[in-house]
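First comes the structure, then the notes that go with it.
A short reminder: the numbers here are calculations on the coordinates, not readings from a lab. Only a predicted model underlies this, so the values are computations on that prediction, with no experimental measurement involved. Here the Cβ is made from the backbone with ideal geometry for all residues, glycine too, and neighbour counts use every protein chain on show.
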Amino acid sequence: MDYLIPGVLGFLAGGVLFGATYQSIFLKISTIGVYGQQSLEELLHVNHWLFISLFVLCTLVFYVGSKVSENSKGVSVDSPVKSAKNLNLN
């Protein structure tokens, strides 16, 4: 509830700013992105298997990096059953 009034005011200010600048900026932006229906590898002019392998490699690097980061912070990844057994309810 603390940020309700500033959030609504920011929402309204953004809407007014968007409405005021839409006519002048939209024409400039709409001429930039006229590529038709092309995939990302067609736009970059690379083989689709290269694109797929780089995507998979990046996904694996981010996954392993997140697991290394979790382990270095000491975050436990125990199952809920193990955590419940460790509770001392006496």
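Assign one of three labels to segment 1-65, namely rounded, prolate or oblate, based on the Cα gyration tensor with a ≥ b ≥ c the square roots of its eigenvalues; rounded applies when a/c is under 1.5, prolate when it is not and a/b is larger than b/c, and oblate otherwise. Cα axes put segment 1-65 in the oblate bin. If you take the beta carbon distance between Asp2 and Val56 as r and set R0 to 35 Å, what does 1/(1 + (r/R0)^6) give as a FRET efficiency, to the nearest 0.05? Efficiency at R0 = 35 Å is approximately 0.25.
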